[in-house]
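Trainee: I am attaching a structure below and will ask some questions about it afterwards.
The values are calculated or read from the model by the stated rules, or taken from the named source; none is laboratory data. What you see is a predicted model; the values in this text were computed from it and never measured. Every residue, glycine as well, gets a Cβ built from its backbone with ideal geometry; the counts of neighbours run over all protein chains shown. Surface accessibility is based on the protein's heavy atoms, side chains included, excluding ligands, DNA and RNA. Shrake-Rupley method; radii C 1.70, N 1.55, O 1.52, S 1.80 Å.
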Amino acid sequence: MTRMTEGTNPGRDIMLDLLKGQRGEWVSGQILAGRLDMTRAAIWKRIGLLKEQGYGIDASPRKGYRLRDIPDRLLASEIRDGLKTCVIGQRDIHHFERTDSTNKRAKEIAAAGAGEGALVVAEEQTRGRGRLDRHWFSPAGQGIYLSVVLRPALPPSEAARLVLLAAVAVAETLIDTAGLKATIKWPNDVLVGGKKIAGILTELAMEMDAVDYVIIGLGLNVNMPADQWPEDIRGRATSVLAETGQPFSRPLLLRHLLESFENGYEELTNAGFEPIMARWRDLADMLGRKVSVQARGGSYSGEVVDFDPDGFMILRDNNGRDRRILSGDVTIL
Ligand code: BTN
């Protein structure tokens, strides 16, 4: 069963903006009612809704209302606060307290006509999915579980570029905001210190020969404590908290991520894919490495000689023969 705590909510919450503008200070009910052209009873009701969402607000019959705490939650109001994008996150944001998989929800809204840039975010996923039908660990309030709807003007053969772009956006966000030395492991894992901190799951829908929509599903481990990983991923997974020793604001990381992704998405349209591919190659740090790859068609080993813009790894085997591989599990030898 899923429960949505906040529906699509474009535009700003003016009352919240007013309270945030005077955070820690009292704002009278009369002032709020005047500014918002609402009755004091209606203001009181809206304050109740904000409290339900986790905002710490004091109320006093004489002094009015005072915003104490802003919750570390992926609410539309927090994602949009200071978000410098034009499209992504500026339209629909569907926030779930708990859902099975944000990718599943995003596919539903995309099939129902959601426009480019619509977001689905969850505080918790009960059946978070990874590549190769694996499970994605999605505990409540600790990670970013996000799916973005895109409607790119790209041929289906170039849709894999969006995954590479998403991996660059995640790695650069971790470098810029948390000072982590993030790297990319082909095809779309983001690692810190050799452990996985984020993963991307893309799903594509086509109509005739064109892309109808692409869902970019992204899981980022933010505030998972180092000693609480499930057994199957212990030693292989990490989080921003585990790496820095500090809890991080999830809305802040998410905003940075959306901005970085949108800049790259624009760049892809205006300047082509090569500049992003160059950043991807730098972050991947895999050229020249000897690897073995478990792919759908079999297992291969050799030297990584290149990655092409369609997301294929070019692997040179011991006989000097090159093979293009689209996806698989890589082990660095
Ligand atoms: C992987 O590395 O295997 C990809 C993991 C992708 C996980 C994210 S979390 C948000 C979105 N919803 C899902 O069910 N999966 C993706």
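Trainee: Which angle between 0 and 90 degrees, to the nearest 10, do you get for helix 102-111 versus the longest principal axis of the chain when only C-alpha atoms count?
Mentor: 90
Trainee: Take the Cα pairs of the chain, get the Kirkwood Rh, then feed it into Stokes-Einstein at 20 °C and 1.002 mPa s and tell me D in µm²/s.
Mentor: Using the Kirkwood radius from Cα pairs, D works out to 101 µm²/s.
Trainee: Another question about this same structure. Show me the trypsin sites (Lys or Arg not before Pro) within the range 207-298 that DSSP assigns to loop and that have at most 15 other Cβ atoms within 10 Å of their Cβ.
Mentor: Those satisfying the criteria are 234, 236, 289, 296.
Trainee: With a 10 Å cut-off between alpha carbons and a GNM built on the chain, which of 264, 298, 128 moves the most?
Mentor: 298
Trainee: What relative contact order, as a whole-number percentage, does the range 215-267 give when Cα pairs under 8 Å and 6 or more residues apart are counted?
Mentor: 31
Trainee: Taking the Cα centre of the chain as the origin, how large is its charge dipole in debye, to the nearest 20, when only Lys and Arg (+1) and Asp and Glu (-1) carry charge on their Cβ atoms?
Mentor: Value, rounded to 20: 960 debye.
Trainee: Any idea what the dipole of the range 210-279 comes to, in debye rounded to 20, about its Cα centre with Lys/Arg Cβ at +1 and Asp/Glu Cβ at -1?
Mentor: Dipole magnitude for the range 210-279 comes out near 220 debye.
Trainee: How big is the range 129-225 by Rg and Dmax over its Cα atoms, in Å?
Mentor: 14.1, 46
Trainee: For helix 40-52, report the angle its Cα long axis makes with the longest principal axis of the Cα atoms of the chain; keep it between 0 and 90° and round to the nearest 10°.
Mentor: For 40-52 against the chain, the angle is about 30 degrees.
Trainee: Now for a separate question. Might you tell me the accessible area per residue for the chain, computed with a 1.4 Å probe and given in Å²?
Mentor: Here the per-residue accessible area is 48 Å².
Trainee: If you stretched the chain out fully between residue 301 and residue 209, how much longer would it get, using 0.36 nm times the residue separation minus the C-alpha to C-alpha distance?
Mentor: Result for the pair: 29.7 nm of gain on full extension.
Trainee: Binned at 5 Å from 0, what are the whole-percent values of the Cα-Cα distance distribution for the range 112-155, short to long?
Mentor: Binned Cα distances yield the sequence 5, 20, 20, 19, 18, 13, 4, 1.
Trainee: Below 8 Å between Cα atoms, with a sequence gap of 6+, how large is the relative contact order for the chain in percent?
Mentor: Over the chain, the number comes to 14 percent.
Trainee: Which angle from 0 to 90°, rounded to the nearest 10, does the C-alpha axis of helix 160-178 make with the longest principal axis of the chain?
Mentor: Here the helix axis deviates by roughly 60 degrees.
Trainee: Say each of residue 60 and residue 112 gets a label point 7 Å from the Cα, pointing the same way as Cα to Cβ; how far apart are those two points in nm?
Mentor: 4.4
Trainee: About the Cα centre of the range 52-161, what is the dipole size in debye to 20, counting +1 per Lys and Arg Cβ and -1 per Asp and Glu Cβ, all else neutral?
Mentor: 100
Trainee: Long-range amide H contacts for residue 237: which residues qualify at under 5 Å (H placed 1.01 Å from N, peptide plane, sequence gap of 5 or more or a different chain)?
Mentor: Those qualifying (amide H under 5 Å, at least 5 residues apart or on another chain) are 196.
Trainee: Below 8 Å, C-alpha to C-alpha, sequence gap of six or more: please give me the relative contact order for the range 146-199 in percent.
Mentor: Relative contact order for the range 146-199 comes out at 22 percent.
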